[in-house]
């Protein structure tokens with residue numbers, strides 16, 4: 001009964017989505033659309049740092065939101081409610097308009113926002129924002145004059161290094177932050193259109209990680225010429241790759257592999273007498289492309305694989321060993337013709353515990 | 001097919017990272033990709049949350065228990081690879097309940113990926129009992145080899161030897177000694193070493209090396225057998241061979257997503273050589 005109810009609910013939902021969804025007409029598409037986000041997994045939204053400019057002469061210019069990137073111009077048309085870009089045809093309702101939002105509906109939906117020009121002077125904006133510390137409700141931005149930017153997440157305490165630039169679109173200016181400590185050009189953050197730039201307040205339009213809208217940066221300090229970004233030890237090389245798409249743990253352990261880890265645990269883990277709990281303690285973490293580990297998570301299940309809590313004298317020891325003592329990881333490499341490149345890799349290390357002792361260690 | 005599609009996705013991702021073509025071409029590639037793979041079943045990474053939701057939904061869409069079992073097993077594998085053991089276990093159990101033909105595969109999952117030897121053995125035994133006197137294949141293993149591994153994991157090496165012997169004997173008889181998987185011979189040899197039967201172990205390691213001379217673990221355990229037999233110079237040679245192949249031929253016996261059973265590690269080999277100096 002419940003299943004039928006769910007099926008009916010899903011059916012109604014699909015029908016209602018189809019009826020609300022509206023394929024765009026050519027006139028509605030003409031203009032510039034700024035990429036907003038793409039939902040690569042449930043609860044995991046990645047920036048879409050692109051703009052598409054549809055022109056009435058049936059050409060569309062597609063460009064990455066970054067200086068120095070050459071746009072590409074291809075043809076487009078809307079025919080029988082289907083949208084065709086270059087050689088790719090999208091069915092009716094696969095492209096839908098909702099107000100000033102353009103949705104491309106697919107397994108990983110893309111959202112674009114109609115661009116509204118807000119003329120700004122690039123040199124003035126640069127002068128106003130460079131060598132300053134700016135704060136939002138969740139992030140602190142240190143915008144250095146050399147083009148680097150240090151982002152500090154106040155909630156997690158994580159500090160990461162990136163690069164910033166001002167990208168013109170028509171008469172507007174976008175603040176684009178991209179790159180990582182390891183790669184200065186890829187992995188753009190959500191582009192932010194600057195709508196006001198004062199000496200103490202900056203107003204931007206875009207996605208702030210939670211919602212799209214207009215929000216403010218408050219100047220909270222000045223940076224000295226010899227200041228530089230002091231990051232945490234760990235930073236992902238690919239900022240926006242969701243865990244499910246990170247390289248799967250066909251990874252390489254540190255030199256000595258599991259054998260070395262077992263020896264280390266045998267030396268450092270002190271069995272706890274009187275504890276009769278049994279089950280698995282699983283650590284999941286990411287070894288970044290440089291071989292540094294971070295983003296540790298722990299899951300504990302009992303012998304029947306039900307989530308449980310182990311005596312902290314056991315888990316604290318294991319956590320310390322995994323996070324602090326096993327440090328010489330080798331970054332995951334590509335396969336086939338790609339073995340020279342290294343990638344962020346999700347790793348697992350699991351301990352089977354029995355009677356207060358480590359009975360097994362496995363990946 | 002899923003793997004191919006995933007590779008295709010990854011290749012698009014690689015181009016996004018600047019490894020090929022222009023950024024605009026990348027977006028066009030994405031566009032080309034979107035309508036073609038609108039069917040989610042052929043698209044996602046098994047570990048994604050979307051995949052988890054989708055499989056759950058898909059399983060409610062069929063009344064065919066065989067099909068349902070397949071869906072739960074697929075979802076369980078994705079969850080297990082991502083370390084969500086509670087979810088993986090629940091789905092594996094549903095799979096077996098709906099279609100007992102999965103007992104064998106799930107037995108090996110519990111064996112190698114959960115190190116849950118009693119549970120693995122129970123499933124492997126149940127699977128084996130379905131076709132008595134036949135050494136059923138399970139993926140690229142045989143059921144008796146896997147049962148042997150479960151016994152060995154529980155420290156019952158005499159029973160492990162019995163189980164390994166069934167599969168080794170069967171393959172030798174049907175296909176010839178040269179077609180026996182060298183890993184089976186190494187496994188039995190290691191159990192012999194636990195039982196202090198070094199001579200029997202040595203015979204197995206020699207047979208294993210005939211079938212795969214570059215094996216690191218066969219050479220290493222051969223060294224251990226020779227050491228137990230007091231043939232120290234030969235043991236040294238075997239350990240040196242293990243070290244040589246560890247450096248030059250480490251592709252096969254490295255850890256993949258599960259550990260190669262009986263694997264020999266750098267420090268084990270160095271320690272053995274230091275002992276025999």
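In table form, for the structure just shown:
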| item | result |
| --- | --- |
| Any hit, region A:122-129, residues being surrounded by 15 or more Cβ atoms within 10 Å (Cβ to Cβ) and in a strand (DSSP E or B) | no |
| Residue ID - surrounded by the fewest Cβ atoms within 10 Å (Cβ to Cβ), chosen from residues in region A:255-312 that are more than 14 Å from chain B (Cβ to nearest Cβ) and assigned to a strand (DSSP E or B) | A:294 |
| First in region B:47-61 and more than 8 Å from every other protein chain (Cβ to nearest Cβ), second anywhere and assigned to a helix (DSSP H, G or I), Cβ under 6 Å, 6 or more apart | B:54/B:40; B:55/B:71; B:55/B:75; B:58/B:71; B:59/B:68; B:59/B:71 |
| Matching residues in region A:162-191 - criterion: being farther than 19 Å from residue B:24 by Cα and within 16 Å of the chain's Cα centre (by Cα) | A:162, A:163, A:180, A:181, A:182, A:183 |
| Tally, over region A:194-240, of residues that are more than 30 Å from residue A:111 (Cβ to Cβ) and in a strand (DSSP E or B) | 4 |
| Candidates B:243, B:231, B:275, filtered to the one that is within 14 Å of chain A (Cβ to nearest Cβ) and more than 30 Å from residue B:109 (Cβ to Cβ) | B:243 |
| Cβ-Cβ under 8 Å pairs, at least 6 apart or on other chains, region B:229-245 side surrounded by fewer than 18 Cβ atoms within 10 Å (Cβ to Cβ), far side at pLDDT below 95 | B:232/B:276 |
| Residue that is surrounded by the fewest Cβ atoms within 10 Å (Cβ to Cβ), among those in region A:156-198 that are under 12 Å from residue A:65 (Cβ atoms) and in contact with a helix residue (DSSP H, G or I) (Cβ under 7 Å, 6 or more places away or on another chain) | A:168 |
| Whichever residue in region A:60-84 is in a loop (DSSP other than H, G, I, E, B) and at the interface with chain B (Cβ under 7 Å from one of its Cβ atoms) and, among such residues, is farthest from residue A:26 (Cα to Cα) | A:69 |
| Test: residue A:69 is within 28 Å of the chain's Cα centre (by Cα) and either modelled with pLDDT under 90 or assigned by TED's automatic domain parsing to the domain that holds residue A:166 (or both) | yes |
| Residue list for region A:90-104, restricted to those being assigned to a loop (DSSP other than H, G, I, E, B) and facing chain B (nearest Cβ under 9 Å) | A:91, A:94 |
| Matching option when the condition is more than 9 Å from every other protein chain (Cβ to nearest Cβ) and at pLDDT 85 or above, among A:38, A:116, A:87 | A:116 |
| Number of the exception - residue A:320 against (1) surrounded by fewer than 16 Cβ atoms within 10 Å (Cβ to Cβ); (2) not in a helix (DSSP H, G or I) | (2) |
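The values are calculated or read from the model by the stated rules, or taken from the named source; none is laboratory data. Everything quoted here is computed from the prediction, not taken from an experiment. When we count neighbours, we look across all protein chains shown, and the Cβ atoms used for this are built from the backbone with ideal geometry, even at glycine.
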